[in-house]
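Shown next, in C-alpha cells, is the structure this report addresses.
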C-alpha cells in the first residue's frame, strides 16, 4: 500500500532492485473509479479564486499554534507524509514540519480540536513509527481588533523521559535490507527513542528509556 502522490510503483520496484533483490510489478495500479457520491463531493470542492491564487485552508477567528516534537522521522518522505495528512483536516489552517529540528508547528482552530487530538493523529499515521510529544507552551491568536499580541497558554504535559544510549554488536547482516528490517522492528519497541544500524560496522546504536527497556531486552529482540 503506498501513496501515489509521493511515489510510483515503478520507483518502488527500482528501490527494491537497488538493494539487490529482483522485483517486478505483478499487478498494475488501477485507475481511480469514482462513484456518484465521490463525483458529488468533487462538485462541492472549492476551486481557485478568480485571481488564480491557490486555495488555502480557512483562517478561523480564534486560532492557536502548537509545536510538536516528533521522533521517528528519517527522510523528506516522512515530512511530506505528515504535512499532507494534517493539511487535509478542516480545522488545521497550516502546518510546517522540520526534519532537522524533529518538530511540527501546527496552526489550528482551538474550538474544534485539541493539541492532544492532533498529537494522536500524527502518531496514527502509517507506518506507525512516529512518537510525538507536545512542547510546554502553545500560542493563541485572535483575529479580533482588540487583540494585539500572542497569548501564551501553558499546557500540563509530561516531561521528556530520561534517555540512554547503547551500542549493540550485530552479526549476520549482509545487505541494506537487513539494516532496514532491524531498524523497523526495534524502532517500534516500547521505550526506544531512535535506532541507527550500521552495516559497515556491524552494530546498532539505540537511544532508549531505561525505565521502559534495557540493552539486554533490545539485544534479545534483534
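The values are calculated or read from the model by the stated rules, or taken from the named source; none is laboratory data. Please read these numbers as outputs of a predicted model, since none were measured by experiment. Positions of Cβ are backbone-derived with ideal geometry, glycine not excepted, and every protein chain shown enters the neighbour counts.
A few remarks follow.
- All positions within the stretch 88-98 that are under 24 Å from residue 12 (Cβ atoms) and modelled with pLDDT under 90: 88
- Condition met for residue 159 (at pLDDT below 50, more than 23 Å from residue 86 (Cα to Cα) and not assigned by TED's automatic domain parsing to the domain that holds residue 99): yes
- Residue among 84, 136, 111, 57 that alone is modelled with pLDDT under 75, outside any strand (DSSP E or B) and not assigned by TED's automatic domain parsing to the domain that holds residue 190: 57
- Given (1) surrounded by fewer than 16 Cβ atoms within 10 Å (Cβ to Cβ); (2) in contact with a strand residue (DSSP E or B) (Cβ under 8 Å, 6 or more places away or on another chain); (3) closer than 21 Å to residue 127 by Cβ, index of the condition residue 210 fails: (3)
- Residue 188 meets the conditions (1) at pLDDT 50 or above; (2) farther than 24 Å from residue 69 by Cα in every case but one. The failed one is (2).
- For the stretch 171-207, the set of residues classified as at positive phi and either in contact (Cβ under 8 Å) with a residue 12 or more places away in the chain or touching a strand residue (DSSP E or B) at 6+ places or on another chain (Cβ under 6 Å) (or both) consists of 191, 202, listed by residue number.
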